[in-house]
1. Quick check on my link table: of Lys30/Lys70; Lys110/Lys141; Lys71/Lys91; Lys110/Lys155; Lys53/Lys76; Lys30/Lys76, which ones sit more than 20 Å apart, alpha carbon to alpha carbon?
2. Using modelled amide H (1.01 Å from N, peptide plane; none on Pro or chain starts), what sits under 5 Å from the amide H of Met154, excluding residues fewer than 5 places away?
3. If the chain between Phe84 and Ile97 were fully stretched, how many nm would it gain, using 0.36 nm times the residue separation less the Cα-Cα distance?
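Nothing in this text is a laboratory measurement; each read-out follows from the coordinates by a stated rule. Since this is a predicted model, take the numbers as computed values, not measurements.
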Amino acid sequence: MCGIGLCSPLHSQLQFKSCVANSLAVLYLKWIVFLLSVRIMVSVNVEQCINVKFCVKLGKSATEMYDLLKKVYGDKCLSCTQVFEWFKRFKEGREEIRDDQHPSRPSTSKTDTNIEKVSEIVRQNHSLSIQAVADLINIDKETVQQILHNNLDMKKVSLKMVLRLLTPEQKEI
């Protein structure tokens, strides 16, 4: 074995692989020391992705990698599916650690426009069901319910939408 990471041509193929693995391990440890010295906080998931990339470069299998991560991180370990996905990405030559951007749809239908539409529809016809309002606006029924409850402060009472908190004048009626 060569102790400094340099291999002579006389080494067998097995010794060469071991030498390369040791060299990579030294580089990896130097990288970790560097990260710690500049006090970069790396999330557990990113740290595990770095470890997956390192194991791919060492020639470990995805199963070996998952077992190692499970041993080190326990309950905080990435799922088996995630480990295999990162393994595949790095095996195909990916270098980037950050996750890919996903095409996103709007995170919610609770926009100001939809809140106004719900408010207008309910004030015009108090007897509409939540599903009917959702169908008219073409948004999810749960979203309509949240808008009614959280934004418009209304609740369903006996087939009518009414304000939850009545003013003193409304109580007299």
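1. Lys30/Lys70; Lys71/Lys91; Lys30/Lys76
2. When sequence neighbours closer than 5 places are left aside, the close amide H contacts are His149, Arg164.
3. So the chain would gain 3.2 nm between Phe84 and Ile97.
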